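Here the structure is laid out as structure tokens; the discussion comes afterwards.
The values are calculated or read from the model by the stated rules, or taken from the named source; none is laboratory data. These numbers were taken from a predicted model, which means no experiment stands behind them. Note that we place each Cβ from the backbone using ideal geometry, even for glycine, and neighbour counts take in every protein chain shown. These area figures cover heavy atoms from the full protein model, side chains too; ligands, DNA and RNA do not enter into them. Shrake-Rupley method; radii C 1.70, N 1.55, O 1.52, S 1.80 Å.
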Amino acid sequence: MAILNILEFPDPRLRTIAKAVERVDDDLRQLIDDMFETMYDAPGIGLAATQVNVHKRLVVMDLSEDKNEPMVFINPEFESLTDEVDQYQEGCLSVPGFYENVDRPQKVKIKALDRDGQPFELIAEGLLAVCIQHECDHLNGKLFVDYLSTLKRDRIKKKLEKQHRQQE
């Protein structure tokens, strides 16, 4: 397994729209394992393949305290099951150090393939609903900062660009 490099905002590769996974094979399962290792190391609770510069519709998540409930979503889709929205403070491994409130539907139905390519569906509420929406946004080239005002987004962008320059 390997720790992969996580792209950081405003890297333009984060805006790439991911392509559907055509085949679930050992190479994809190796990517899944590497993504879990990367996510746990970061540390985070969700990671989309786009964030590690692999433009496939693949998301890994683990919302448990003990990091022992890994979830894999291949070609995930969701639909809102309610008009009600909740506001959650979201953070992102691609926007490190920033947390902002985002409104999202409270309840969604998720359809995806699992690690073995088997289809499944589940109803998600709370943190799982927020997380799958956040990660699916990544697969569509969207970041949580896109839900913020232009002023907030530009401020975050400037701070991260400054950090990136100082690291070089």
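From the Cα gyration tensor of the stretch 61-168, with a ≥ b ≥ c the square roots of its eigenvalues, which class applies: rounded if a/c is under 1.5, or else prolate if a/b is larger than b/c, or else oblate? Could the numbers behind the result be given before it?
Working: a/c = 2.21, a/b = 1.58, b/c = 1.40.
Prolate, since a/c reaches 1.5 and a/b exceeds b/c.
For the stretch 20-113, the square roots of the Cα gyration tensor eigenvalues, ordered a ≥ b ≥ c, give a/c of at least 1.5 with a/b no greater than b/c, which places it in the oblate category. Normalised by the number of residues in the stretch 10-96, the mean separation of alpha-carbon contacts (under 8 Å, six or more apart) gives a relative contact order of 26 percent.
Cα gyration tensor of the stretch 110-168, axes a ≥ b ≥ c as square roots of the eigenvalues: rounded (a/c below 1.5), prolate (a/b > b/c) or oblate?
Working: a/c = 3.68, a/b = 2.14, b/c = 1.72.
Verdict is prolate for the stretch 110-168.
Working note: 222 nm ellipticity from helices only, DSSP H runs with n ≥ 4, each -39,500 (n - 2.57), summed and divided by the residues of the chain, gives -9500 deg cm²/dmol to the nearest 500. Averaging Cα coordinates gives a centre for the stretch 90-143 and one for the stretch 1-77; these two points are 12 Å apart. With contacts taken as Cα pairs under 8 Å and at least 6 residues apart, the chain reaches a relative contact order of 23 percent.
For the chain, which whole-number percentage of the solvent-accessible area (1.4 Å probe, protein heavy atoms only) is attributable to carbon and sulfur atoms? The C+S portion of the solvent-accessible surface of the chain is 45 percent.
Take each of the peptides 91-102, 108-119, average the number of other beta-carbon atoms within 10 Å over its residues, and list them starting from the highest.
Ranked by mean Cβ neighbours within 10 Å, highest first: 91-102, 108-119.
Solvent exposure of the chain amounts to 54 Å² per residue of accessible area, where only protein heavy atoms count and the probe is 1.4 Å. Residues Lys56, Lys162, sorted by accessible area with the largest first, give Lys162, Lys56 [1.4 Å probe; ligands and nucleic acids excluded].
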